1. Tell me, what is the FRET efficiency for Trp108 and Ser280 to the nearest 0.05, using R0 = 41 angstrom and their Cβ-Cβ distance as r?
2. Per residue, how much accessible area does the chain show when a 1.4 Å probe rolls over the protein heavy atoms, in square angstrom?
3. Which value, in debye to the nearest 20, gives the size of the charge dipole of the chain about its Cα centre, when Lys and Arg are +1 and Asp and Glu are -1 at the Cβ?
4. Can you find, among Asn225, Gln190, Leu207, the residue sitting farthest towards the positive end of the charge dipole of the range 190-263, where Lys and Arg contribute +1 and Asp and Glu -1 at Cβ?
5. Report, in debye and to the nearest 20, how large the dipole of the range 75-143 comes out about its Cα centre when Lys and Arg carry +1 and Asp and Glu carry -1 on their Cβ.
6. Pick from Val17, Val266, Val95 the residue whose mean-square fluctuation is largest in a GNM of the chain, springs joining Cα atoms under 10 Å.
7. What's the center-to-center distance, using Cα atoms, between the range 126-146 and the range 179-243 in Å?
8. Got a sec to turn the phi values of the range 201-208 into Karplus ³J(HN,Hα) couplings, 6.51 cos²θ - 1.76 cosθ + 1.60 with θ = phi - 60°, whole Hz, x for Gly and Pro?
Amino acid sequence: MKLASLKNNTRDGELVVVSKDLSCCAAAPQIAPTMQFALDNWNHVQDRLTAEYEKLNNNASKEAKAFNQEDCCSPLPRAFQWADGSAYVNHVELVRKARGAELPNTFWEDPLIYQGGADSFLSPHDDIETETEAYGVDFEAEIAVVVSDVPMGSCTGNIEDKIKLLMLVNDVSLRNLIPTELAKGFGFFQSKPSSAFSPVAVTPDELGASWGGGKVSLPLRSVLNNELFGIPNAGVDMTFNFFELVAHAAKTRPLTAGTIIGSGTVSNKSEDGGCGEEISKGGKGYSCIAELRMIETITYGQPKTEFMKFGDTIQIEMLNDQGLSIFGAINQKLVPYKKTI
């Protein structure tokens with residue numbers, strides 16, 4: 001099943017069921033008016049929403065209308081919790097290697113997760129606004145899961161049926177603000193502005209054999225300024241799967257229905273186990289500019305590629321084995337922020 005939230009005059013949007021090919025959609029307010037309502041009442045609404053989905057795919061829905069990705073909010077325009085992991089330790093290893101620091105062995109044994117801002121997600125086609133390019137604006141292409149209620153202390157073996165939806169993420173980062181914040185020893189805040197999620201959220205069964213073991217084994221495409229920047233496979237080099245990430249997040253607290261857990265930047269090593277390579281050199285590329293800059297620093301002593309500039313665009317998308325978009329596309333432009341107060 002595929003679900004989306006359309007922009008309306010409310011903060012939480014209007015829930016719609018979306019056809020498999022993303023061509024049409026239908027609202028079902030009598031079943032679930034919003035995405036959060038559906039997640040809060042999943043056991044009661046899932047079958048009815050699935051029936052609407054089947055009608056859409058069989059051209060039997062009387063409520064069907066054209067689906068336009070530009071009309072979408074993020075599937076959850078705001079959430080009770082957004083916690084982002086760093087499941088691809090290759091990415092973390094490169095960050096530390098670029099500054100000459102060793103990676104502690106514990107990083108391979110215990111997931112990293114930080115608490116992100118969940119009160120104001122960007123829509124998937126909204127501009128990314130920032131006051132200055134000097135902040136070092138970067139995109140981060142990721143995958144996220146949305147869970148139902150997860151009891152505190154849940155083990156990994158009990159997590160699979162708690163994962164109700166999957167989405168793509170652009171976890172925007174202000175790279176030049178990160179070092180100062182981390183030096184305080186109190187985590188990210190100003191350096192992590194609003195994230196954007198894919199137009200469509202999908203149930204795990206929509207991924208077929210590409211979903212297994214808590215991983216999505218498909219390439220995640222990042223297109224920067226209309227040029228392919230990365231196609232790393234999200235199922236490769238994922239040190240901690242989603243079952244492990246969710247269990248880690250729930251170790252000392254319960255997770256409320258609608259909690260979003262992110263994978264962190266999708267990152268692949270090269271075929272010989274070394275640093276990933278650029279698309280132009282036959283590699284899988286990268287899911288953020290920072291990773292390329294790290295490799296440039298390791299190779300040349302300093303980075304050569306600049307972070308995003310005003311007017312730059314980023315598109316993030318995942319295609320199935322037939323080349324069709326699964327989640328729709330995150331498609332954003334970096335623009336100057338205009339203060340209104």
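1. On the way: r = 31 Å, r/R0 = 0.75.
So the FRET efficiency works out to roughly 0.85.
2. Averaged over the residues of the chain, the accessible area is 46 Å².
3. With Lys and Arg at +1 and Asp and Glu at -1, about 440 debye.
4. Of the listed residues, the answer is Gln190.
5. Numbers: 4 positive and 14 negative charges, 57 e Å.
Computed about the Cα centre, the dipole is about 280 debye.
6. Val95
7. Their Cα centres are 13 Å away from one another.
8. 9, 10, 6, x, 5, 5, 8, x
The values are calculated or read from the model by the stated rules, or taken from the named source; none is laboratory data. All values reported here derive from a predicted model rather than from experimental measurement. Here Cβ is always computed from backbone atoms with ideal geometry, including for glycine, and neighbour counts include all displayed protein chains. For accessibility, only protein heavy atoms count, side chains too; no ligands or nucleic acids. Shrake-Rupley method; radii C 1.70, N 1.55, O 1.52, S 1.80 Å.
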